[in-house]
Amino acid sequence: MSLTYSPTSLEKGLKTVFVNSFEGQTSYADQICYVESSASDKEKYEWLGQAPQMTELKGQRVVTPLTDTGYELENKIYTSTIEIQRKHLDDNQTGSVKRRIAQMAIEASGHVNKLVIDTLVNGTSATLGLCYDGSAFFGDSHPVRADEGAVQDNLLPGTGNSTSACAVDFGIAKGTMLSFKSESGSPFHGDGGGTFAVVAPPQMEKAWNEVLGAGMISNTTNMQSGMAKLIISPRLTDTNDWYLLRTDHLRGLIFQERDALEFAALESNTESAFMRESYHYGCRARYASGYGFWQSAIKTVNS
C-alpha cells in the first residue's frame, strides 16, 4: 500500500513520525492480493474468466468466447482523526503526542490487514463472500463453467491441528488446488510451479512452523519443508481453520486502491486553533478488498 501526505507544515516532526511508523508495518495486501489501482468509485473485473487452450490451426483460427464474468468492487472511504491541545505542544509534551501519531499510523496500516483477513473469513458467506461465478468464494460446489467438466470444491474438511494432521491436510489442499480445471478444460494452474502461502491463527503457529520449516518430522524426512510461506495472523479468531493461497501471478484476493493513505493537519491558522486552541491530525484513504480467482485459494475447516 502506498502513502502520501499533505504539504501542511506539521509541528515538531509529527509528519515524520507518522510516515516512519506506517512504513515499518507489514502489509498482507502486498503478499497475498492482486494490488489494483482504481480510477473510479468502483471497478468491474472482467478478466476473471480464463483464456482458451491452444488448438491446431486448420484453415482459420477457432474463436472461443469466454463465459460471461463480472465482479464489481466498490471503494469506501476510511478516516482516523485525533485532537491535540496547543498547550501540550507548547509545553514540549511531545512524547505522548508522538506515540499517539505513531499509533495512528500503525492502526491505519493494520486496517488494510483487517480488511484482507475479513475478506478471507467472509469467503464462506452466501452474501458477503460472493465471487465472480456467483457463489461463495469458498464453497463445496462452484458451478460448472464452459469445459470445466464438473463442480469444483475449495472448502475442505481438515483432520486436526497437530503437526501430523496439518502435514496431511497441506498435501490434500495443494493437490486439490493444482487439480482444478479451467474453462477450457485444461489444468487451471498449468503444469506446476507457483508460490504459495499458508495463512493460519497463532494457535497453529508451532505446527505450521514444523510442517513448512522442519527438516525432519517424527524421524521422517519432511518433503513439504519450504513449499509455502507462513503468515500467522492474530486477526483470525477461529483457532483451527487455515488457508492455502497461491501468491504469484494467480491470486485469490484483490486489494483495490483508489486514494493512497494521506496524512493531513489543521494547525495554527485554523478556526479550531484560534477558538479552542486545539489542533487536529488525521489520515484518510479510499480502497476496497475483494475476490479474485477462487481456484487460487483453499480453506481447510477443522470442527
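The values are calculated or read from the model by the stated rules, or taken from the named source; none is laboratory data. Note that the structure is predicted; figures quoted are calculated from it, not measured. Neighbour counts run over all protein chains shown; Cβ positions are idealised from the backbone, glycine included. Protein only, heavy atoms only, side chains kept; ligands, DNA and RNA dropped before computing areas. Shrake-Rupley method; radii C 1.70, N 1.55, O 1.52, S 1.80 Å.
Quick notes
- Contact map, the range 118-144: residues that are farther than 14 Å from Asp241 by Cα and in contact (Cβ under 8 Å) with a residue 60 or more places away in the chain paired with residues that are part of a helix (DSSP H, G or I) and not aromatic (Phe, Trp, Tyr), Cβ distance under 7 Å, separation 6+ or inter-chain. Pairs shown: Gly129/Asn122; Gly129/Gly123; Phe137/Gly123.
- Test: Gly226 is touching a residue at least 12 places away in the same chain (Cβ under 8 Å) and surrounded by fewer than 19 Cβ atoms within 10 Å (Cβ to Cβ): yes
- Residue within the range 112-127 that is assigned to a loop (DSSP other than H, G, I, E, B), at pLDDT below 75, open to solvent by 80 Å² or more (accessible area, probe 1.4 Å) and among the β-branched types (Val, Ile, Thr) present: no
- Within the range 38-56, at least one residue is part of a loop (DSSP other than H, G, I, E, B), over 23 Å from Glu148 (Cα atoms), among the aliphatic types (A, V, I, L, M) and at pLDDT 70 or above.
- For the residues Met223, Met227, the requirement of being assigned to a loop (DSSP other than H, G, I, E, B) and more than 23 Å from the chain's Cα centre (by Cα) singles out Met223.
- Restricting the range 146-175 to residues that are open to solvent by 40 Å² or more (accessible area, probe 1.4 Å) and outside any loop (DSSP other than H, G, I, E, B), the residue that is farthest from Asn209 (Cα to Cα): Pro157
- Out of Pro187, Pro143, one residue alone is more than 19 Å from Asp248 (Cα to Cα) and open to solvent by 40 Å² or more (accessible area, probe 1.4 Å). It is Pro143.
- Of all residues in the range 193-211, those satisfying the criterion of being touching a Cys at 6+ places or on another chain (Cβ under 9 Å) and either among the hydrophobic types (A, V, I, L, M, F, W, C) or open to solvent by less than 50 Å² (accessible area, probe 1.4 Å) (or both) are Val198, Ala200, Met204, Ala207, Trp208, Val211.
- Test: residue in the range 263-286 that is open to solvent by less than 20 Å² (accessible area, probe 1.4 Å), more than 13 Å from the chain's Cα centre (by Cα), at negative phi and modelled with pLDDT of 95 or more: no
- Pick from the range 19-30, criterion assigned to a helix (DSSP H, G or I), of a type outside the set (D, E, K, R) and at pLDDT 85 or above, ranking: surrounded by the fewest Cβ atoms within 10 Å (Cβ to Cβ): Asn20
- Residue count for the range 94-145, restricted to those that are touching a Lys or Arg at 6+ places or on another chain (Cβ under 9 Å) and of a type in the set (Phe, Trp, Tyr): 2
- Criterion: under 28 Å from Asp41 (Cβ atoms) and open to solvent by 40 Å² or more (accessible area, probe 1.4 Å) - qualifying residue of Arg235, Arg251: Arg235
- Filtered residues of the range 136-145 (kept if assigned to a loop (DSSP other than H, G, I, E, B) and either modelled with pLDDT under 95 or hydrophobic (A, V, I, L, M, F, W, C) (or both)): Phe137, Phe138, Ser141, Pro143, Val144, Arg145
- The set of residues in the range 79-97 being surrounded by 16 or more Cβ atoms within 10 Å (Cβ to Cβ), of a type in the set (Ser, Thr, Tyr) and at pLDDT 70 or above consists of Ser80 alone.
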